[in-house]
Amino acid sequence: MVWPYEWVLGWRYTRAGRASRKNGFISFISGVSMLGIALGVAALIIVLSVMDGFQKEVRDRMLGVVSHIEIYAADGNALPDVAGLMAQVRQQPEVVGAAPFIATQALLARGEDMKGVMLRGIDPALEPEVSDVQAGQQSAALAQLQPAGFGLVLGADLAMNLGVRASDTVTLVSPSGQMTPAGVVPRMKQMQVLGQFFSGHYEYDSALALMHWQDAARIFRLEGPTGVRVKLRDLHQAREVAAELQARLGTNYLVRDWTQQNRTWFAAVQVEKRMMFIILTLIVAVAAFNLVSTLVMTVTDKRADIAILRTLGASPRSIMGVFVVQGATVGVIGTLSGFALGLLVAFNIDVIVPALEHLFNAQFLPRDVYLISRMPSEPQASDIVPIVVISLVLAFVATLYPSWRASRVNPAEALRYE
């Protein structure tokens, strides 16, 4: 196969310096540009893959405890007809489960230790339809929640902070007190710890306590469940299904999906992801525009060659094409190398990070700060393809001006002193 001479010369100039000391520095700068592009692309792929993995991991663990959609009474009181409401909700094709609940806050005390908790009253029979908490060994503890049993199932970190285990007793302090001759006195109830659950999400493992909804209604003087939790086939349809349920149920109910309940956290992650993309793209841009200096030096070094090609009949467009091929070759090789390196690290981050933690005797992701304890990674084509395209475009744009300068070289001027 016969290649166009522009491609052949462009590739030869890219390799300049391997056999000649004269062009060694140009080859070195070209290699540095290629390495910079590769490292920039790899860093972008790795960082965005980790951020996507972090978001997916936290979202999945969060939705293992919270629900896709929650329905409340508009006045904030107990729902008047829970069974009828759940029957109506289940008519929606996307709904796969519904369960009543009571959500409130309270204090748990054991000895001198006291912790504020998110208390959730659940129906153990229906909870598996909307939550992953009742999976594995945890199901035995939740199955022990019986009406009038006044038992609690605590998050693993909450139980550890209080220093309690199964069969221990804690005191539940209700925020709403009762009036006595001595004034308002908080209501307290002795509760038995039936077991623990572990969701993998530190915020819930350290602050959530589960009990039977009938016991919660009795303690907090409620007439029934205050809400209904709903699980969908596809969590990404939560916003549309919530809007449809809101329109069907009317203004007597308040329907909220998981994107509204955690809007601030997900918005912060998206903003951080965009900023990291911009910052790391600038690194790729700096590396790509190093090609300008490489090509300028190459043009200066090859003025005599350019003049000879022009006298042999080469057009300015062909001369420009030679140096565009040289710069584009560096950009393509650097981008593909960075693409391969980035995917290699992103798909093996679960092996690399533990090895580094063991080597440096450090924990990169404390659970109480980052919500999860391992480094996740989720490479997505929607992020990787723009990275590769932007890198190639920047490398191509960086070649235009030096290539145009090469095409403007005057053969007579270039050969005057040769």
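Structure above, values below:
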{"item": "0 to 90° range, to nearest 10: angle between helix 24-63 axis and the chain longest Cα axis", "result": "10"}
{"item": "Global geometry of region 240-344, whether rounded, prolate or oblate, following the gyration tensor of its Cα atoms and the 1.5 cut on a/c", "result": "prolate"}
{"item": "0 to 90° range, to nearest 10: angle between helix 316-347 axis and the chain longest Cα axis", "result": "30"}
{"item": "Anisotropy class of region 160-307 from Cα gyration tensor, a/c 1.5 cut", "result": "prolate"}
{"item": "At R0 = 22 Å, FRET efficiency that the Cβ-Cβ distance of LYS189 and ASN262 yields, to 0.05", "result": "0.10"}
{"item": "For region 186-237, fraction of C-alpha pairs farther apart than 11 Å, in %", "result": "79"}
{"item": "Helix-derived mean residue ellipticity, 222 nm - over the chain, DSSP H n ≥ 4, -39500 (n - 2.57), to 500", "result": "-17500 deg cm²/dmol"}
{"item": "Angle in degrees between helix 349-360 and the longest Cα principal axis of the chain, rounded to the nearest 10", "result": "90"}
{"item": "Rg(Cα) / (2.2 N^0.38 Å) computed for region 56-174, rounded to two decimals", "result": "1.17"}
{"item": "Region 280-396 - charge dipole about Cα centre, Lys and Arg +1 at Cβ, Asp and Glu -1, debye rounded to 20", "result": "560"}
{"item": "Average accessible area per residue (Å²) across the chain - probe 1.4 Å, nucleic acids and ligands excluded", "result": "51"}
{"item": "Extension gain, VAL385 back to ILE352 (0.36 nm per residue minus Cα-Cα distance, nm)", "result": "9.5 nm"}
{"item": "Nearest-20 debye value, region 253-333 charge dipole, Cβ charges on Lys, Arg, Asp, Glu", "result": "160"}
{"item": "Carbon/sulfur fraction of accessible area - region 39-178, other protein chains in place, 1.4 Å, %", "result": "50"}
{"item": "Cα-based equivalent ellipsoid, region 65-117: semi-axes from gyration tensor eigenvalues, Å", "result": "31, 14, 8"}
{"item": "Modelled label reach - PHE28, point 7 Å along Cα→Cβ, region 317-332 residues with backbone N closer than 18 Å", "result": "none"}
{"item": "At 1.002 mPa s and 20 °C, Stokes D of the chain from Kirkwood alpha-carbon radius, µm² per second", "result": "81"}
{"item": "Nearest-0.05 FRET efficiency for LEU344 and GLN88, computed from C-beta distance (R0 60 Å)", "result": "0.70"}
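The values are calculated or read from the model by the stated rules, or taken from the named source; none is laboratory data. Just so it is clear, the structure is predicted and the values come from calculations on it, not from any experiment. Positions of Cβ are generated from backbone atoms using ideal geometry, with glycine treated the same way; all protein chains shown enter the neighbour counts. For the accessible areas, the whole protein counts, side chains as well, though only heavy atoms, and no ligand, DNA or RNA atoms are used. Shrake-Rupley method; radii C 1.70, N 1.55, O 1.52, S 1.80 Å.
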